[in-house]
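Read through the structure below, which is laid out as structure tokens, and then see the notes.
The values are calculated or read from the model by the stated rules, or taken from the named source; none is laboratory data. Quick caveat: nothing in here was measured; it's all calculated off a predicted structure. Note that each Cβ is placed from the backbone with ideal geometry, even for glycine, and that neighbours are counted across all protein chains shown.
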Amino acid sequence: MDFMKMMSKAKEMQAKMAGLQDDLAQIEVTGVAGAGLVSVTITGKGELKRVAIDPSLMKPEEAEIVEDLIVAAHRDAHAKAEAAIAEKMAEMTGGMGLPGGFKLPF
């Protein structure tokens, strides 16, 4: 690949990255834990948007369990967000010939 073509691709990639930042803020994923008793929704950037807790868990003696389930649901949502980001990056960098696992800063 010649240098000018590579520079052109880099500028194109930079413009796409700016768009990707906006896209990530719009993506929402929901993680669940405890067979759906707790759910957490986050954005593609990791911002916590919502927490839903089944009323059956609202007992003072089960507070620690609920706390653990919230953490697990958040972890699940974060993993889903990472997968969505990886998918978007793969779509965006498809023609660049970047090595597998290569991460662009954003």
_Of the criteria (1) among the β-branched types (Val, Ile, Thr); (2) closer than 30 Å to Ser8 by Cα; (3) within 13 Å of the chain's Cα centre (by Cα), which one Ile42 fails_ = (2)
_If a residue must be of a type in the set (Gly, Ala, Ser), at pLDDT 90 or above and surrounded by 15 or more Cβ atoms within 10 Å (Cβ to Cβ), how many such residues does the range 1-58 contain?_
4
